[in-house]
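Input: a single structure, listed below in structure tokens.
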Amino acid sequence: MTPTTVAALTPAGIWLVAALVCLGLEAAGTPVGWRKRSTRTHLPWVIGLAALAVLAHAVLRWGDAASAATSAQGLIVDRTGLLGSGVIALLVGAVHLAATPSLAAIDEERGEMSAGFAMVGAALSVACGTVDLLVLAAALVVATGAQSLLCAPDREGPHGIEAATKGIVGAGVLLVVLALAVVFAWVCTGSTAFAGLGRALAIGAPGAAFAAAMIVVVLALILGAVPFQQSYVDVAHGASTSSAGLLAGGMLVVGVLEAVRLLDGVVATGADQMLARSFAVIAALTLVGAPVASLDQSRIGRVVAYLAVLPGGVALAALAAGALSTGGTADAGAVRAALMAVLSGGLGCAAALLGVALPRLDPSSTWEDWSGFGRTRPVMAAFLVYALGTLAGVPGTIGFTARLEAARALFAARVDWLGLVVVASAALGAAPIVRLALFLFAKDVPSTRAKDQPAPGGLLLGTFAALVIACGLLEVWPGLLDELVQQARR
């Protein structure tokens, strides 16, 4: 392997080592056929240290990655990929920490569950650093297998089993579409890389437009964008809250970063109107359709799952402006806006979906079931509302800042109508949040719900609060985020 390949695979290698350590410690000291009954306090440390190692790798490689290096295997080392692997590490570490109390309460081999988190981290890290469709397909296969394990940790809850099944079926559909894109890309270019597809589009090669259209559909399926959101929302609603947070945040990172890779490959050969229109239409449908659909949901879990797709819509809107760039490179402001949506949306998705677990209600809980939660736990309820506001782009959150950056890029690219949709749709996203806030704070606790309901675990509360506070700090200190995303594109 070349040094570039080794550097690109280092984050995945770290996660694989962590998975092996979790499995090895699970089996150590237990006779064959017996169930291990130790507390397994080492598991959060193993995953946490792996996340820190991946972050350290991103920091150490940051300077060298100012100039992108691509390997023959379709892997790339650049600051955008390092930023993506770092966000994935934060997400895996946070959601695993939040899941630790619930994993300790189930009668399962918890080492294999922790290894599942590490495997998702490995697969998504590879997906963040590839410019080849075949490598992306392989990463998604591994991520799907591990994610299906995490969706139903207790193997008994009907919602988790259903979510795992729908996740596998949805991934199968995604891989079929991706296979079509690979075939047509190979036929018309002789390769499966984004750069080759860009050259084929520039010369009008037969089949290139169809391959590009299939890739756009794949990206929309990864992001759960409207009108391809159904399987995504079902999985995010039915899965355990920790795996749902990892799914929503991780798929947002992978989907947007791969859209940036596609954009770079296409714009390098000239502006592409078809890609710009495709991104614009899907972004508009997502920004308007998702919040409208969330208002029609009776279950709070599905409401939050719909709101979790909004940052992807903001990012696609920004990239629609980037697709109209000329001069061989995508517009820096458009890509920066997309990366801002990734960072704010990734943290917001994890925080919001973990916050759904705070009242310890059934996954099928309705609006009425949430009545009065804000009166009994006002701080946590306020944090939940803020996390959802970050997803919806409500003013005063980093999500709104990302929307403003995306709108600026769209206005500069003369796509005024989509810029207005990006800003105005924040009001639509705020509508279900206002409705939820009324149920949380304005209504009494229903008599059917026990008032001495047990409080959630300290690790869940701490992780949820830390993620929400991080979102707030990024809004208070916007220069930190802006400098980070600017450096990622230099």
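The values are calculated or read from the model by the stated rules, or taken from the named source; none is laboratory data. None of the values given here were measured: they were computed from a predicted structure. No Cβ is skipped: glycine too gets one built from the backbone with ideal geometry, and neighbour counts run over all protein chains shown. Remember, those area values only see protein heavy atoms, side chains included, never the ligands or the DNA or RNA. Shrake-Rupley method; radii C 1.70, N 1.55, O 1.52, S 1.80 Å.
Things to note:
- Scanning segment 120-128 turns up one or more residues that are in a helix (DSSP H, G or I), modelled with pLDDT of 85 or more and either surrounded by fewer than 24 Cβ atoms within 10 Å (Cβ to Cβ) or touching a strand residue (DSSP E or B) at 6+ places or on another chain (Cβ under 9 Å) (or both).
- Counted residues, segment 192-217 - those being modelled with pLDDT of 85 or more and buried (at least 24 other Cβ atoms within 10 Å of the Cβ): 4
- Within segment 392-415, the set of residues being within 20 Å of residue 349 (Cβ to Cβ) and open to solvent by less than 10 Å² (accessible area, probe 1.4 Å) comprises 392, 393, 397, 398, 399, 402, 403, 406.
- Applying the criterion of being touching an Asp or Glu at 6+ places or on another chain (Cβ under 6 Å) and not in a loop (DSSP other than H, G, I, E, B) to the residues of segment 322-355, the residue that is surrounded by the fewest Cβ atoms within 10 Å (Cβ to Cβ) is 340.
- Filtering segment 155-174 for residues that are without any contact (Cβ under 8 Å) to a residue 12 or more places away in the chain and closer than 23 Å to residue 325 by Cβ leaves an empty set.
- Index of the failed condition, residue 113 passing every other in (1) open to solvent by 40 Å² or more (accessible area, probe 1.4 Å); (2) touching a helix residue (DSSP H, G or I) at 6+ places or on another chain (Cβ under 8 Å); (3) modelled with pLDDT under 90: (1)
- When we screen 418, 436, 428 for residues that are under 24 Å from the mean Cα position of the chain (by Cα), open to solvent by 40 Å² or more (accessible area, probe 1.4 Å), more than 20 Å from residue 477 (Cα to Cα) and not hydroxyl-bearing (Ser, Thr, Tyr), the only hit is 428.
- Residues of segment 69-116 that turn out to be closer than 16 Å to residue 254 by Cα and outside any loop (DSSP other than H, G, I, E, B), as a count: 17
- When the residues of segment 463-488 are filtered to those that are more than 14 Å from residue 94 (Cα to Cα) and among the small types (Gly, Ala, Ser), the one that is most open to solvent (accessible area, probe 1.4 Å) is 479.
- Residue 230, sole failed condition from (1) closer than 26 Å to residue 115 by Cα; (2) open to solvent by 10 Å² or more (accessible area, probe 1.4 Å): (1)
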